[in-house]
4 protein chains.
Amino acid sequence: MREQQMLDAAVQMFSINGYHETSMDAIAAQAEISKPMLYLYYGSKEELFGACLDRELARFVETVRAGIDFTQPARDLLRTAVVAFLSYIDENRASWIVLYTQATSSQAFAHTVREGRERMIDLVGRLLLSGTRHPDPDMDFDMMAVALVGAGEAVANRVSTGDTDVHDAAELMINLFWRGLKGRPSDHAH
Amino acid sequence: MREQQMLDAAVQMFSINGYHETSMDAIAAQAEISKPMLYLYYGSKEELFGACLDRELARFVETVRAGIDFTQPARDLLRTAVVAFLSYIDENRASWIVLYTQATSSQAFAHTVREGRERMIDLVGRLLLSGTRHPDPDMDFDMMAVALVGAGEAVANRVSTGDTDVHDAAELMINLFWRGLKGRPSDHAH
Amino acid sequence: MREQQMLDAAVQMFSINGYHETSMDAIAAQAEISKPMLYLYYGSKEELFGACLDRELARFVETVRAGIDFTQPARDLLRTAVVAFLSYIDENRASWIVLYTQATSSQAFAHTVREGRERMIDLVGRLLLSGTRHPDPDMDFDMMAVALVGAGEAVANRVSTGDTDVHDAAELMINLFWRGLKGRPSDHAH
Amino acid sequence: MREQQMLDAAVQMFSINGYHETSMDAIAAQAEISKPMLYLYYGSKEELFGACLDRELARFVETVRAGIDFTQPARDLLRTAVVAFLSYIDENRASWIVLYTQATSSQAFAHTVREGRERMIDLVGRLLLSGTRHPDPDMDFDMMAVALVGAGEAVANRVSTGDTDVHDAAELMINLFWRGLKGRPSDHAH
DNA sequence: AATGAATGAGCATTCATTCAT
DNA sequence: TATGAATGAATGCTCATTCAT
């Protein structure tokens, strides 16, 4: 309904011009409604942006989670997860990735973004754990998840800018994840 | 000299409050000079921020590069590179990481940041290549570098927020890099 | 009926927050009706405020007038008038005095307030005249009434803020009025 | 200098259109400066209005006080005080009286106005006391001063609207004051 | 009769930027 | 050289007012 229309417009404008460089006028114009409506529904520019973030993050997390069947064998599970992740990015370039990029524009949203990222990290951490037959107690699965999510974001950025094919990127990430699961480095060092 | 003083002040203020939320007044006050001086030297806020980015990126790249002895064996080379990278972040939290974070605040700097990141990616790509005895022609070293740099940034962020010890983080990254160097995924899949 | 309910709400809100600082939303909420009703009945905020003024002024004048028995001897007449006046203020602090104070907030109401005040001045002027046995032709009864009404308003303000007891204030005003009735200043000058 | 120019413009505009109905644009235009100057010097509209009030009240009190020679005999003292008061009003119609009227437009200024009025009341109270040979202990000189100041304001309003001649008004006020000084009402009642 | 939903128009405030000295 | 003083241009936000139902 109306709220979605406003959020769509806001996401689009924010993604194109960034948080500070997007005026409420521009958003209202894009949504083809009047500015007071924006304020009626969202109270302030900051809250509007927050609402955008919330929606986009929720959608993202839901979509990725929905693409994963946790009953699959680890390898398939990993593949579906990575593909779900990168496909979402690929199909929602303008909205999510740029929002994600813009979310750091104001101190006010560090919290929301961090929270969203932590959710992803938790998810990945659990994937890692579930995919490792004999977890090495010295292995810092949380930090590994941080690194893998970071790698994923970087690859996702490439995807979102169209510089890379989703499936090639997915293949690489899968490899990286899979290696991340393998035993200790010393196992491979020699 | 005077220029460094201004850039120092600008970096500090930008890192604390972000690009748009930092006023030229605040920077001038911090630098203990007058606003017209800022304009005399840098022409505009945008150019001033660009100058900050340039200097910080250059410093960063130089420092990291200086920490790497390319004549070392691959393993030592990797270790010194990662430690140089994370140590720089750890020692320059306020300035570089936040700048890095802030650099996405305005479309105007996507270019500079991308460029800096590409330099890192190239460097890492070369490291990967030089560390692989029999490079697999199917291996996308560039994309792997993207992923590793992304992982590095994510880990670096944890470091910069003080949530993680530099050496633990380094160890993890080294492992991840090292695994990244190993042959094709199929080599490990079974 | 409905109109009184709206006026009550309006008077209350205006008296608390002032004319410009009271929104139609606030009045509608206070009256527990919808904003369009306010507009249906009163056309505009200005007219609504005008209606408030009219009602309050009418009530005030009527109440004071009703408290006066013009057949009484002058002294009693004066006392009853003053007491009626101040009692009204004391019992209708929130509504009338503040409205009275707020009525000057917009040029639009100078007229109504002036008119109301003139009615009071006329009344007082007639009281003065009727209380003076041998009116001095040089005496400017109208101006005297102006002064006495002003004095009354000032004393009334003290009453309305609770800083003064009604009966003490009444006593003082009666004295002042009474003296005002006495012959020419020269009668007392020596 | 510049500040006076701004205050002059502000006083003029506020006096013509009232506090809420005067925009900062209008004041800046009247002062023939830019809006940022107003904000540089006064911080906000409210503070600007406060500065106007302060200046006008100070000027008023100073001027009236300066017109009074406390070494004069009581009668002359009274006359000079009243004339100083009404003359000031007469000569500063647009600025002071209307400001005085406008000052009640926002809750924010009740304080300043009340304070200014209290200063007047104190002054008048002292005049009353000093002019009374044998002060009646039952006499509430403060309340009498309140009443006389109120009367003065009312008369002053007539003066400020041009409806009355200053000297006629002064004469009446002097009489009223003088009578106010005379003994108890019962002394005159019969 | 009554209102939820919507807006046009305006206003206070800020800030990057530039003269005049 | 260096700056105090000044401003044009925006922008977030509010509110009296009115449709469509």
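Just a few scattered comments:
- Against the criterion of being charged (D, E, K, R) and not in a helix (DSSP H, G or I), C:ARG65 does not qualify.
Residues are listed down the side, and each one gets a yes or a no for (1) more than 17 Å from C:ARG119 (Cβ to Cβ); (2) within 7 Å of chain D (Cβ to nearest Cβ); (3) not polar (S, T, N, Q):
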residue	(1), (2), (3)
C:ALA147	no, yes, yes
C:GLY150	no, yes, yes
C:VAL155	yes, yes, yes
C:ASP163	yes, no, yes
C:HIS167	yes, no, yes
C:ALA170	yes, no, yes
C:ARG179	yes, yes, yes
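- Residue within region B:32-40 that is of a type in the set (D, E, K, R) and closer than 19 Å to B:GLY125 by Cβ present: no
- Search result, residues across region B:78-93 that are in contact (Cβ under 8 Å) with a residue 40 or more places away in the chain and more than 14 Å from chain A (Cβ to nearest Cβ): B:ALA81, B:VAL83, B:SER87, B:ASP90, B:ARG93
- Conditions (1) more than 16 Å from DNA strand E (Cβ to nearest atom); (2) of a type outside the set (Gly, Ala, Ser); (3) at pLDDT 95 or above; number of the one not met by C:GLN72: (3)
- For region B:39-76, a tally of residues being more than 14 Å from chain A (Cβ to nearest Cβ), within 16 Å of DNA strand F (Cβ to nearest atom) and under 21 Å from B:VAL113 (Cα atoms) returns 4.
- Scan of region A:84-101 for residues that are touching a helix residue (DSSP H, G or I) at 6+ places or on another chain (Cβ under 7 Å) and either among the β-branched types (Val, Ile, Thr) or at pLDDT 85 or above (or both), ordered by number: A:ALA84, A:PHE85, A:LEU86, A:SER87, A:TYR88, A:ILE89, A:ASP90, A:ARG93, A:ILE97, A:VAL98
- Within region C:76-113, the residues that satisfy the criterion of being hydroxyl-bearing (Ser, Thr, Tyr) and within 22 Å of C:GLY125 (Cβ to Cβ) are C:THR80, C:SER87, C:TYR88, C:TYR100, C:THR112.
- Considering (1) in contact with a helix residue (DSSP H, G or I) (Cβ under 8 Å, 6 or more places away or on another chain); (2) assigned to a helix (DSSP H, G or I), the lone condition that B:GLU47 does not fulfil carries the number (1).
- Single match in B:ILE97, B:ILE16 (criterion: away from DNA strand E (no atom under 16 Å from the Cβ) and within 14 Å of chain A (Cβ to nearest Cβ)): B:ILE97
- Test: residue in region C:161-172 that is part of a helix (DSSP H, G or I) and hydroxyl-bearing (Ser, Thr, Tyr): no
- The condition of being touching a residue at least 40 places away in the same chain (Cβ under 8 Å), surrounded by fewer than 19 Cβ atoms within 10 Å (Cβ to Cβ) and out of contact with any helix residue (DSSP H, G or I) (no Cβ under 7 Å at 6 or more places or on another chain) holds for only one of B:ASP163, B:ASP122, B:ASP138, that being B:ASP138.
- The lone criterion from (1) under 22 Å from D:TYR19 (Cβ atoms); (2) touching a residue at least 40 places away in the same chain (Cβ under 8 Å); (3) touching a helix residue (DSSP H, G or I) at 6+ places or on another chain (Cβ under 7 Å); (4) among the β-branched types (Val, Ile, Thr) left unmet by C:VAL61 is number (1).
- Residue within region B:109-116 that is more than 30 Å from B:SER44 (Cα to Cα), hydrophobic (A, V, I, L, M, F, W, C) and out of contact with any Ser or Thr (no Cβ under 6 Å at 6 or more places or on another chain) present: no
- Residue within region D:115-126 that is at the interface with another protein chain (Cβ under 9 Å from one of its Cβ atoms) and over 14 Å from the mean Cα position of the chain (by Cα) present: no
- Looking only at region B:1-13, and only at residues there that are closer than 23 Å to A:GLN102 by Cβ and within 14 Å of DNA strand E (Cβ to nearest atom), the one that is nearest to the other protein chains (Cβ to nearest Cβ): B:MET13
- Residues in region C:25-46 that are more than 9 Å from DNA strand E (Cβ to nearest atom) and either without any contact (Cβ under 8 Å) to a residue 24 or more places away in the chain or of a type in the set (Lys, Arg) (or both): C:ALA26, C:ILE27, C:ALA29, C:GLN30, C:GLY43, C:SER44, C:LYS45.
- Selection count, region D:68-98, where residues are more than 10 Å from the chain's Cα centre (by Cα) and assigned to a helix (DSSP H, G or I): 18
- Consider region B:15-38 and keep the residues that are among the aliphatic types (A, V, I, L, M), assigned to a helix (DSSP H, G or I) and farther than 15 Å from A:SER105 by Cα. The one that is nearest to DNA strand F (Cβ to nearest atom) is B:MET37.
- Count - residues of region C:118-153 that are assigned to a loop (DSSP other than H, G, I, E, B) and modelled with pLDDT under 80: 8
The values are calculated or read from the model by the stated rules, or taken from the named source; none is laboratory data. Since the model is a prediction, treat every value here as computed from it, not as a measurement. Heads up, the Cβs are rebuilt from the backbone with ideal geometry, glycines too, and the neighbour counts pull from every protein chain shown.
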